[in-house]
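Some notes on the structure that comes next.
FYI, it's all coordinate maths here, none of it is from the lab. The structure displayed is predicted, hence computed values, not measured ones. Cβ placement follows ideal geometry from the backbone for every residue including glycine, while neighbour counts extend to all protein chains displayed.
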Amino acid sequence: MTDIEYQIECTTRDLATYLVSDFSFDSEQALRTVYNSTTYEKLCDTKTGLYFQSPRYVYDFLRHEIKTGKIQ
């Protein structure tokens, strides 16, 4: 596993944890939401540099996407 893959996986874990806390999702629902989001797609695209940002910063994008149906 590369450093970038590790960062993406750690951020993904944190995003799911935030969803469990903020939206009362169970773990499976939280991970499914993350993996099926445009935010996750952008997180995995190394050209965006999103993988290098803090999980809270990335979570703001995910939360906005969940609430509005689109990424900002």
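For this structure, a couple of remarks:
- Search result, residues across region 19-44 that are assigned to a loop (DSSP other than H, G, I, E, B), surrounded by 12 or more Cβ atoms within 10 Å (Cβ to Cβ) and not small (G, A, S): F25
- In the condition set (1) without any contact (Cβ under 8 Å) to a residue 12 or more places away in the chain; (2) out of contact with any helix residue (DSSP H, G or I) (no Cβ under 7 Å at 6 or more places or on another chain); (3) in a loop (DSSP other than H, G, I, E, B), T48 is compliant with all but (2).
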